[in-house]
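Undergrad: I have a structure I would like to understand better, so I am pasting it below and will then ask my questions one at a time.
Derivation of every value follows stated rules applied to the coordinates shown; laboratory data play no part. Values in this document were obtained by computation on a predicted structure and should not be read as measured data. Note that we place each Cβ from the backbone using ideal geometry, even for glycine, and neighbour counts take in every protein chain shown.
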Amino acid sequence: MKRTLLTLSLTAILSSSFYSTPSIAALDAVQPQINYTEMTSQRQVVDQLLNDAYQVFKNPSRISHAGFTAKMPSNMEMITSNLLDAYKLEPYRVDLLFSAANAQIYNSNVDRAIELFTQILDVAPDDVDAHSYLVIWQNFKGNKSEVTKHLNALEQLNKGRVADLKKIMSTIDRIVDTPLSNTIKKPAKGNNAIITLGYALNPDGSMNDILIDRLNATLTMAKKNPNTYIVVTGGVPKNHKTEGKLMADWLVKNGIDKSRIIEDNYARSTVENALYSSYALARHDIDHATIISSASHVRRGQALFEVASWQTGPKGITFDTYAANDRPLEELKVPTGGELLGIYRDALRVYGMWSYRSYPLEQR
C-alpha cells in the first residue's frame, strides 16, 4: 500500500498538471542528456585527469637559477592537456580553463594563455577575473587597444578592480624603470628593516653560494645600520633545514644580535616571502624596507612586497632594493621578457588571483 502511494505521489509531482512548468523554449540552458551511471563514470574520468595533473604539478623537477625557479616546460604542457581534456567533459567548469591558461603563463606561452582567457569570456562574458588577466597579459604583449577594451568592460563590472590593475601596472613600470643598485644607503627616516630573500639549499642542507652572497650584503648593511630589523625568509626544507633558520644562524655567528632577526621558515616561493613577511613589517610598524636578493630577482621581490603591503600595511611603507652580484648589473639593466613575465604573474598571485583553481590542483 505504501509503495503504491509513493508511486502515485511521484507520478503527480512529475505530471504537468501538478504544478506550473515553464515552456521548453524558456529553458535555454544546455541540459545533460546522460543517465546517472554515465555521469558517475564521467566524474571519475574528470577526477582522474585532475589528479594526474596534480601529480605532474608536484613533480620536484625544476629549472632554477638565481632569479627564477620554474616547473619543467614539458610538465606544464601535460598539465594543460589534462585540464583541457577535463574541460571537454565538463564545459561549464571554466575553472579548468583558468588553470590551463595559467599553466601556459608558467610555460611562458602568453599567446596561448590569452586564447584560453578569451575562451572563458565566450562562456561568461562578464567574468571579472578573465577580463583582469587579459588586461595584464595584453599589456605585457604591448596590445594597448586590447588593454583599453578590457578595462572599459571592467569599468561596468568592478571599478575597484580597474583601479587595482592600473596600480599594479604603474607599480611594476616604476620598479622596472628604477636602476638596479648595489650601494648601501643611509637608513630612511623612521623604522627601517632589511629583508633578505632565501635561495634553494643544496641537497645536503647547506647554503648555496648565491645565498651566502646575499648574506654577506645583509651583514654589511646590518652593521652600517645597527637599528634595523632583519627579516630572513625562506622555508623550503632540505635535509631537515630551512633557509630562514640557516640565514639567521649565519648572521648571529657573524656578530648580529639575535633580537634584531625575524625568521620566516615557511615561505616556499617569492610570493609567500612577500605574503608572510609583510605581517612582520606591519607588526613592527616599519616605514622603509630594503630588499636584498640576486640582481636578477630583486625587482620581482620589490613588486611583490609592495603589492602585499597594500593589504597588510603599514600604510605608506616604502621599499628599495640591494642587488647582490649574481650577474653584472649592466647586463640586467633592462629586464628580460622572462623576468617581466614573472613579475606580472606573481604580482597577480600576491594580489589574490589564484593561478590554479581546480581541486586538487589549487595554488595561489
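Undergrad: When only C-alpha pairs under 8 Å and at least 6 residues apart count, what is the relative contact order of segment 126-273, in percent?
TA: Relative contact order here is 18 percent.
Undergrad: Another question, if that's okay. Report the gain in length on full extension from Ala124 to Asp209: 0.36 nm times residue separation, minus Cα-Cα distance, nm rounded to one decimal. Please report the intermediate quantities before stating the final value.
TA: Details: separation 85, 0.36 × 85 = 30.60 nm, distance 4.90 nm.
Extending this stretch completely gives an extra 25.7 nm.
Undergrad: Which ³J(HN,Hα) values in Hz, rounded to whole numbers, follow from the phi angles of segment 142-158 under the Karplus curve 6.51 cos²θ - 1.76 cosθ + 1.60, where θ = phi - 60° and Gly and Pro get x?
TA: x, 8, 5, 5, 5, 4, 4, 4, 6, 5, 5, 5, 5, 4, 7, 9, 6
Undergrad: Sticking with this structure for a sec: Antiparallel DSSP bridges in segment 192-332: what percent, to the nearest 5?
TA: Around 5 percent of the beta bridges assigned by DSSP in segment 192-332 are antiparallel ones.
Undergrad: In whole angstrom, note down how far apart the Cα centers of segment 327-364 and segment 277-320 are.
TA: That distance is 16 Å.
Undergrad: Going 7 Å from the Cα of Asn227 along its beta-carbon direction, which residues of segment 262-298 have the amide nitrogen within less than 17 Å of the resulting point?
TA: Label zone hits: 284-290.
Undergrad: Between Thr220 and Asn51, 0.36 nm times their residue separation minus their Cα-Cα distance comes to what?
TA: Difference between extended and current length: 56.1 nm.
Undergrad: Express in nm, to one decimal, how much length is gained between Leu180 and Asp257 on full extension, taking 0.36 nm for each residue of separation and deducting their alpha carbon distance. Could you put the intermediate results ahead of the total?
TA: Details: separation 77, 0.36 × 77 = 27.72 nm, distance 2.91 nm.
Extending this stretch completely gives an extra 24.8 nm.
Undergrad: Find out how many positive minus negative residues lie around Ala274, taking Lys and Arg as positive, Asp and Glu as negative, among other residues whose Cβ is under 11 Å from that of Ala274.
TA: It works out to a net charge of -2.
Undergrad: Can you tell which of Tyr229, Asn182, Pro203 lies farthest toward the positive end of the dipole of segment 175-234, using +1 and -1 charges on the Cβ of basic and acidic side chains (Lys, Arg; Asp, Glu)?
TA: Farthest towards the positive end: Tyr229.
Undergrad: Chymotrypsin sites (Phe, Trp or Tyr not before Pro) within segment 185-255: which are DSSP loop residues with at most 13 other Cβ atoms inside 10 Å?
TA: Details: sites: Tyr199, Tyr229, Trp250; in loops: Tyr199.
Here no chymotrypsin sites (Phe, Trp or Tyr not before Pro) fit, given the DSSP loop and packing criteria.
Undergrad: OK, next. Looking at segment 135-198, what % of the alpha carbon pairs are farther apart than 21 Å?
TA: Cα-Cα pairs of segment 135-198 separated by over 21 Å account for 47 percent.
Undergrad: Something else now. Run through segment 81-115 and list the chymotrypsin sites (Phe, Trp or Tyr not before Pro) located in a DSSP loop whose Cβ has at most 12 other Cβ atoms within 10 Å.
TA: When the chymotrypsin sites (Phe, Trp or Tyr not before Pro) of segment 81-115 are filtered for loop state and at most 12 Cβ neighbours within 10 Å, Tyr92 remain.
Undergrad: Ranking Glu90, Glu330, Glu362 by Cβ neighbours within 10 Å, fewest first, what do you get?
TA: Lowest count first: Glu330, Glu362, Glu90.
Undergrad: Relative contact order for segment 192-332: what percent, with Cα pairs under 8 Å and sequence separation of 6 or more?
TA: Once normalised by length, the contact order is 26 percent.
Undergrad: Further question: Give me the net charge of Thr336's neighbourhood, meaning all other residues with Cβ under 13 Å from the Cβ of Thr336; Lys, Arg count +1, Asp, Glu -1.
TA: Working: positive: Arg299, Arg300, Arg327, Lys333; negative: Glu331, Glu339.
Charge balance in the 13 Å sphere: +2.
Undergrad: Could I ask something else about it? Among the listed pairs Lys185/Lys241; Lys58/Lys238; Lys189/Lys224, which have their C-alpha atoms separated by more than 21 angstrom in this model?
TA: Values: Lys185/Lys241 32 Å; Lys58/Lys238 16 Å; Lys189/Lys224 15 Å.
Too far apart for the 21 Å limit: Lys185/Lys241.
Undergrad: Shifting gears a bit: As an exercise, identify the trypsin sites (Lys or Arg not before Pro) in segment 183-258 lying in DSSP coil whose Cβ has no more than 16 other Cβ atoms within 10 Å.
TA: Lys185, Lys189
Undergrad: Can you check what the net charge comes to around Ile194, using other residues whose Cβ is under 12 Å from the Cβ of Ile194 (Lys, Arg +1; Asp, Glu -1)?
TA: My count for the surroundings of Ile194 gives +4.
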